1. Please verify whether residue 113 is under 21 Å from residue 160 (Cβ atoms) and either in a helix (DSSP H, G or I) or within 19 Å of the chain's Cα centre (by Cα) (or both), treating the condition exactly as stated.
2. Do you know which residues across segment 270-311 are of a type in the set (Asp, Glu) and surrounded by fewer than 16 Cβ atoms within 10 Å (Cβ to Cβ)?
3. For residue 182, only one of the following conditions fails: (1) out of contact with any Cys (no Cβ under 9 Å at 6 or more places or on another chain); (2) surrounded by 15 or more Cβ atoms within 10 Å (Cβ to Cβ). What is its number?
4. Could you check segment 116-127 and list, in sequence order, the residues that are without any contact (Cβ under 8 Å) to a residue 24 or more places away in the chain and over 22 Å from the mean Cα position of the chain (by Cα)?
5. Can you tell me which residue within segment 51-98, out of those that are small (Gly, Ala, Ser) and in a loop (DSSP other than H, G, I, E, B), is surrounded by the most Cβ atoms within 10 Å (Cβ to Cβ)?
6. Give me the pairs, please: first residue somewhere in segment 1-24 and surrounded by 24 or more Cβ atoms within 10 Å (Cβ to Cβ), second residue anywhere and at pLDDT below 95 and hydroxyl-bearing (Ser, Thr, Tyr), beta-carbon distance under 8 Å, and either six or more positions apart or on two chains.
7. If I ask for residues that are of a type in the set (S, T, N, Q), assigned to a helix (DSSP H, G or I) and at pLDDT 95 or above, which ones from segment 120-152 would you list?
8. Looking at segment 34-44, which of its residues are among the hydrophobic types (A, V, I, L, M, F, W, C) and buried (at least 23 other Cβ atoms within 10 Å of the Cβ)?
Amino acid sequence: MKKVKALSLFSGGLDSILATRLIMEQEIEVEAVQFVTPFFNYDILEDLASHKSRMKEKYGITVYVEDISPGYLDMLHHPDHGFGKNFNPCIDCKIMMFKRAKELLAERNAHFLVSGEVLGQRPMSQRRDTMNVIERDSGTRNLLLRPLCAQLMSETEPEIRGWVDRSKLLRMSGRGRSAQIALAKRFGITDYPSPAGGCILADPILSRRIKQLYLGESVLDGAQINVADIRILLVGRQLMLPKGGWLVLGRDEKENDRLERLAGDQDALLLMEDWPGPAAVLKKAAGYGDRQQLECDLQLAASLVVRYGRKLPEGASSREVTLRLEGVKRKIVARPIGGEQFRKWVLQ
């Protein structure tokens with residue numbers, strides 16, 4: 001028999017780990033393919049070498065990582081199969097990843113695909129009918145093997161050609177986890193992610209923020225949304241100012257540091273250098289067409305920085321807020337914003 005290689009679609013969750021190991025157990029070379037976007041797995045790009053080393057050491061799995069963010073952000077404008085309960089385009093997401101994985105077969109010198117899906121586990125993307133749609137639209141029918149539930153599915157090319165022994169595959173179904181946990185124990189895997197994690201687009205709060213961004217309810221044109229915009233959207237306290245300005249305020253030192261790192265060249269960064277308080281980013285400040293409106297929003301931002309900072313000393317009514325925009329640094333003297341009207345600006 002010729003040397004056969006598989007590519008495993010790898011999320012890093014238990015199901016994908018088990019599916020990969022089941023095929024490896026049949027002495028088939030398996031390379032795990034892990035796709036990343038700002039909505040899932042993106043942080044592993046910060047130290048890719050360590051991530052790959054950790055997957056190899058913990059699970060014995062070789063991982064190839066690819067960032068598919070640009071196409072993914074574009075797909076979110078109009079997913080062909082719509083959204084789930086929140087802003088999650090699960091079917092189109094799977095189709096996109098499977099299509100790319102199929103292209104990688106030639107690039108990585110592999111013969112078939114492996115997925116950790118379990119029939120009936122997910123209400124939107126793991127029903128039998130939607131699995132068929134995903135295979136059809138991604139062009140992966142007969143190339144895609146689901147080892148955890150294979151005996152409940154039609155035979156695939158790897159089984160028909162004798163590359164994989166179907167009798168050693170499984171028939172898992174439903175939302176229960178006991179079978180997966182027992183299999184993990186057999187493989188000696190005890191340290192694995194809980195099933196509670198996953199895609200940010202399925203989170204009821206964070207997905208609402210992203211949806212508002214895509215609806216164009218800010219100074220940012222929806223067509224221009226990029227990775228940096230999404231990453232900063234997931235940090236801190238988010239506010240939509242009365243004229244559409246998008247402001248982000250850190251809630252603690254860790255978020256302040258993160259906002260300073262994520263602020264782009266076109267963004268305004270505001271903070272009090274001599275007094276404890278939040279860092280703030282006014283997104284796309286350099287792109288304001290109306291200079292007067294920009295100054296108004298910068299003043300509002302500075303007032304909110306003071307409002308959310310430490311209480312002012314006795315007798316003090318204002319603080320200096322440092323503004324950095326397009327390489328220029330200046331000071332804004334601001335009083336803490338009064339009343340509670342600004343709370344209506346906070347994105348929930």
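The values are calculated or read from the model by the stated rules, or taken from the named source; none is laboratory data. Please read all numbers here as calculations on a predicted model, not as lab measurements. Note: ideal-geometry Cβ built from the backbone for every residue, glycine included; neighbour counts use all protein chains shown.
1. No; evaluated as a whole, the condition is false for this residue.
2. 273, 274, 290, 295
3. Failing condition for residue 182: (2).
4. Across segment 116-127, the qualifying residue is only 127.
5. Looking at the filtered set, the residue picked out is 84.
6. These pairs meet every condition: 17/192.
7. Hits for segment 120-152 are 138, 151.
8. 39, the sole residue that qualifies.
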